[in-house]
Amino acid sequence: MKRPDRSPVSGTLLRRLAFANIVANAAIVVTGGAVRLTASGLGCPTWPRCTDESYTATAEMGMHGAIEFGNRLLTFVLVLIAGATLLAALAHRPRRRGAVPLALAVVLGIVAQAVIGGITVRTQLHPSIVGIHFVVSMLLLLVAYALWRRVSEPDGPTVPVVPPAVRTLTWLTVVASAAVIVVGVAVTGSGPHAGDADAVRNGLDPQTISQIHADLVFLLVGLTVGLWLALRAVGAPAAAVRAALTLLLVELGQGVIGFVQYFTNLPVLLVGLHMLGSCLVWLATLAVLWSTRERRPADHPPPPTSPTASTSTEPSHPAPAPA
């Protein structure tokens with residue numbers, strides 16, 4: 001009997017590369033925040049060059065130029081990681097169903113982010129473009145997380161592990177989490193950390209939009225508490241209960257940072273931590289969503305169907321009893 005070809009890329013390496021995409025895309029959100037919080041958004045005043053004469057920052061451009069150029073260089077690190085993940089997904093045997101399209105989406109998303117970043121610079125850090133830049137980062141985290149979970153699971157069909165009502169509550173929590181992030185972007189666009197002293201703001205009243213953001217946070221926390229209790233009540237898998245509790249704890253930590261930064265006039269360090277917290281809340285939300293379903297092995301027998309009346313004769317070889 002012919003032995004199957006050995007995969008040139010191990011499953012462990014593929015999973016590690018996929019996880020590295022999550023870490024890298026979260027990290028560049030934080031470094032991008034550092035660019036804005038240090039007023040270095042126009043440290044390189046044009047794009048794709050750093051200046052009209054040079055692709056790199058010069059000593060005369062000072063700290064702001066170095067910070068902005070350093071953040072641009074991180075894009076190449078992300079491209080290398082995403083490219084390596086795509087090649088690994090292509091080379092892995094047996095090829096994981098759906099992994100290649102997800103890996104390709106990460107690569108294309110990073111390239112799109114670079115272009116959006118360039119538009120951000122050329123529009124003098126317009127808050128709407130900056131907001132789009134951040135939201136796309138969250139979408140990239142979604143795709144990177146989906147890729148990591150995909151290469152960590154079997155190739156069979158997905159099945160829910162909680163009742164439909166709990167699944168619906170999970171999706172409501174995901175929607176609320178996304179709404180908190182989007183409105184948080186609007187809060188940032190109305191505040192003082194624009195990325196440059198002369199950058200325009202979105203014109204929203206900071207106090208009003210901050211109150212809306214806080215109300216959505218309370219809604220999210222309430223939904224998460226309800227989801228955690230519901231998962232416990234229906235006897236959901238321990239992983240799902242832990243994921244909901246983790247999300248709740250991350251939300252509470254993020255909420256504390258948010259309230260403290262608001263009442264202390266938005267200190268730079270706390271705003272940076274709040275941006276990191278946004279990534280963690282989103283990833284914890286995705287973990288809850290994925291925990292309410294499982295993917296079975298490809299050769300897993302289908303669930304038994306209810307018997308129906310039939311006039312056909314009995315099969316000559318009855319099916320074996322389920323294990």
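The values are calculated or read from the model by the stated rules, or taken from the named source; none is laboratory data. What you see is a predicted model; the values in this text were computed from it and never measured. With ideal geometry, Cβ positions are generated from the backbone for all residues, glycine too; neighbour counts draw on all protein chains shown.
Residues that are among the polar types (S, T, N, Q) and touching a helix residue (DSSP H, G or I) at 6+ places or on another chain (Cβ under 7 Å) were ranked within segment 113-154; the one that is nearest to Leu289 (Cα to Cα) is Ser152. The sole residue among Ser210, Ser137 that is modelled with pLDDT of 95 or more, part of a helix (DSSP H, G or I) and buried (at least 18 other Cβ atoms within 10 Å of the Cβ) is Ser137.
The residues of segment 33-69 that are of a type in the set (Lys, Arg) and either surrounded by fewer than 20 Cβ atoms within 10 Å (Cβ to Cβ) or over 28 Å from Leu270 (Cβ atoms) (or both) amount to a single one, Arg49. In segment 185-207 there is at least one residue that is within 20 Å of Leu283 (Cβ to Cβ), part of a helix (DSSP H, G or I) and touching a residue at least 12 places away in the same chain (Cβ under 8 Å).
Here's the yes/no breakdown for (1) under 25 Å from Pro48 (Cβ atoms); (2) surrounded by fewer than 17 Cβ atoms within 10 Å (Cβ to Cβ); (3) in the same structural domain as Thr38 (by TED's automatic domain parsing):
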position: Asn71; (1), (2), (3): yes, no, yes
position: Leu74; (1), (2), (3): yes, yes, yes
position: Ala88; (1), (2), (3): no, no, yes
position: Leu108; (1), (2), (3): yes, yes, yes
position: Ala112; (1), (2), (3): yes, yes, yes
